[in-house]
Amino acid sequence: VSGGYVGVDIFFVISGFLMTAIIVKGLEQGDFSLFRFYIARARRILPALIVVIITLLALGWFWLTNPDYKELGNESYYALVFLSNIYFWRKTGYFEAEAHEKWLLHTWSLSVEWQFYLLFPIFLTLLWKLKPNLKTLTLGLATVFICSFSFQWLADSVESFYSLSTRGWELSAGGLVYLA
């Protein structure tokens, strides 16, 4: 595919599908737990992220200048608190030359994913409490899809690339496919 960055888009749609499946099945069975959901996501993501960050900080100690090492420390912090998408959005565009010097630039998508993990189950649970049926969830996800897709046209290109609000349509598209 021209441009090549379709993989992240596909990943977000698949993630929306899988997370909707997990949450909806739990809601339908009456045993969905936000705590268990968050712990399961943390167990899957944090170990690998921590190993990557520790490895890069160790390598950076020997290879980077002090200002560059400080920058890596900032990137590491924002990656660990799952805000690196916002950090990089404010620092640089993904396709700019200086972005190639960011060792943890790839964590922007992980941050979007984690932000989705935090908000999405709360959103679906609230909709379910409002009216416990799949039609309510479908209407809620369709609303998110339309709003998020529309936000892309209002945001600048860098914000549109990095932001959950402009990537939410991909995640909700996967959820809509599951619900269909």
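The values are calculated or read from the model by the stated rules, or taken from the named source; none is laboratory data. Quantities reported herein were computed from a predicted structural model and do not represent experimental measurements. Here Cβ is always computed from backbone atoms with ideal geometry, including for glycine, and neighbour counts include all displayed protein chains. Heavy atoms of the whole protein, side chains included, go into the accessibility calculation; ligands, DNA and RNA do not. Shrake-Rupley method; radii C 1.70, N 1.55, O 1.52, S 1.80 Å.
Using a/c under 1.5 as the rounded threshold, could you call region 88-180 rounded, prolate or oblate? The axes a ≥ b ≥ c are square roots of the C-alpha gyration tensor eigenvalues, and prolate needs a/b larger than b/c, oblate otherwise.
prolate
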| task | Name the most mobile residue of Ala48, Ala21, Ala79, meaning the one with the largest mean-square fluctuation, in a Gaussian network model of the chain with Cα contacts below 10 Å. | result | Ala48
| If the cut-off is 24 Å between C-alpha atoms, which lysines fall inside it for Lys131, apart from same-chain ones fewer than 8 positions away? | Lys25
| note | Farthest towards the positive end of the dipole of the chain, among Ser33, Leu57, Thr92 and with Cβ unit charges of +1 on Lys and Arg and -1 on Asp and Glu, lies the Cα of Ser33
| remark: Dividing the mean separation of Cα pairs under 8 Å (6+ apart) by the residue count of the chain yields a relative contact order in percent of 35 percent
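Rounded to the nearest 0.05, what FRET efficiency do Thr136 and Phe35 give with R0 = 22 Å and r taken as the Cβ-Cβ distance? Could you check?
Working: r = 24 Å, r/R0 = 1.07.
My answer for the efficiency is 0.40.
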| field | Accessible-area composition of the chain, carbon plus sulfur, in percent [1.4 Å probe] | value | 68 percent
| Most mobile listed residue (Tyr77, Tyr162, Tyr117) in the chain, GNM with C-alpha springs under 10 Å | Tyr77
| said: Can you tell me which lysines have their Cα less than 16 Å from the Cα of Lys102? Leave out same-chain residues fewer than eight positions away. | reply: Lys70, Lys91
| When ligands, DNA and RNA are left out and all protein chains stay put, how many square angstrom of accessible area per residue does region 1-69 have with a 1.4 Å probe? | 66 Å²
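Filter the GluC sites (Glu not before Pro) in region 76-180 to those in DSSP coil with at most 13 other Cβ atoms within 10 Å of their Cβ, and list the result.
Counting only loop positions with at most 13 other Cβ atoms within 10 Å, the GluC sites (Glu not before Pro) in region 76-180 are Glu96.
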| field | [x] 17.5; [y] 19.4; [z] 16.1, with the label sought being that of the calculated Kirkwood radius over Cα pairs in Å | value | [x]
